[in-house]
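The values are calculated or read from the model by the stated rules, or taken from the named source; none is laboratory data. Remember, predicted model here, so these are calculated numbers, not experimental data. Heads up, the Cβs are rebuilt from the backbone with ideal geometry, glycines too, and the neighbour counts pull from every protein chain shown. Areas reflect the complete protein model, heavy atoms only, side chains present, ligands, DNA and RNA absent. Shrake-Rupley method; radii C 1.70, N 1.55, O 1.52, S 1.80 Å.
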Amino acid sequence: MSEHNLIFLGAPGAGKGTVSKQVLAKYPLAHISTGDLLRAEVAAGTELGKQADTLMKSGQLVPDEIVAGMVRSRLTKEDTKPGFILDGFPRTVAQAELLNDALKAIGRELKQVVYFKVDDEILLQRLTARQNCRGCDAIYNKLFKPSKVEGICDVCGSQLYQRSDDSLETAKNRLAVFYKQTSPLIEYYEKAGLLLTIEATDSEEIMAELVAALEK
Ligand code: ADP
Ligand code: ZN
């Protein structure tokens, strides 16, 4: 099996995180979510976390060099050897260029960039109804995927919460940031011959398309 080095590209709420989990259940890949890495820095109260916190709360991007640096060091870890999913990185053309340099330096290549294409209206509904578990990494949605008991995780019984950047105002802002700063990457990776666009709202359908592409 060749390395499955993937990028998941898509607006916030497009399902990158959910589909990542399904892929990880089937393939031994490392999941690299810059959002998760940044939230860990915020929770740990590091300098970097303090800098990122304000930007994240308003839905703006954290500076390119900071996120690229986190990804660079993550890519040196052993668990990335069979392949990795970059979830939410790169988000700007500058980040994509930094990633190219980083991959070249360690002699690795991207296999595919998967673009999750979803209508804005659905994205907003998903984001503002999203609920995360405090105890494990389960994600629910009040409209589309409710927990069995309201506010409680089916898996581990912990309480669910809404991410502070999933409020309507911030969610709208994050979508605007996606179109302005991240969407140029669609053409960028199309030109590089790496883009696979998946137009589906159903995560099982997405998974089927993805597996077909990976096993090619
Ligand atoms: P979503 O994909 O739902 O927006 P993420 O967890 O990927 O959520 O990101 C949350 C926030 O973290 C972003 O709004 C942004 O502030 C910051 N962030 C995550 N990844 C990056 C990145 N590659 N570049 C800059 N900022 C990022
Ligand atoms: Zn849980």
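Structure above, values below:
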read-out	value
Residues that are open to solvent by less than 30 Å² (accessible area, probe 1.4 Å) and more than 9 Å from ligand 2 (Cβ to nearest atom), drawn from region 148-162	Gly151
Breaking point among (1) open to solvent by 60 Å² or more (accessible area, probe 1.4 Å); (2) modelled with pLDDT under 95; (3) away from ligand 2 (no atom under 16 Å from the Cβ); (4) closer than 16 Å to Gly17 by Cα, for Glu169	(4)
Residue match in region 6-27 (condition: more than 23 Å from Val118 (Cβ to Cβ), open to solvent by 50 Å² or more (accessible area, probe 1.4 Å) and not in a strand (DSSP E or B))	no
Residues of region 37-56 that turn out to be in contact (Cβ under 8 Å) with a residue 40 or more places away in the chain and loosely packed, with under 14 Cβ neighbours inside 10 Å, as a count	0
Residue satisfying condition, being more than 16 Å from ligand 2 (Cβ to nearest atom), outside any helix (DSSP H, G or I), closer than 21 Å to Ser20 by Cα and in contact (Cβ under 8 Å) with a residue 24 or more places away in the chain, within set Leu196, Leu210, Leu185, Leu175	Leu196
Hits in region 114-161 (condition: within 23 Å of Thr201 (Cα to Cα), at pLDDT 95 or above, of a type in the set (Ser, Thr, Tyr) and part of a strand (DSSP E or B))	Tyr115
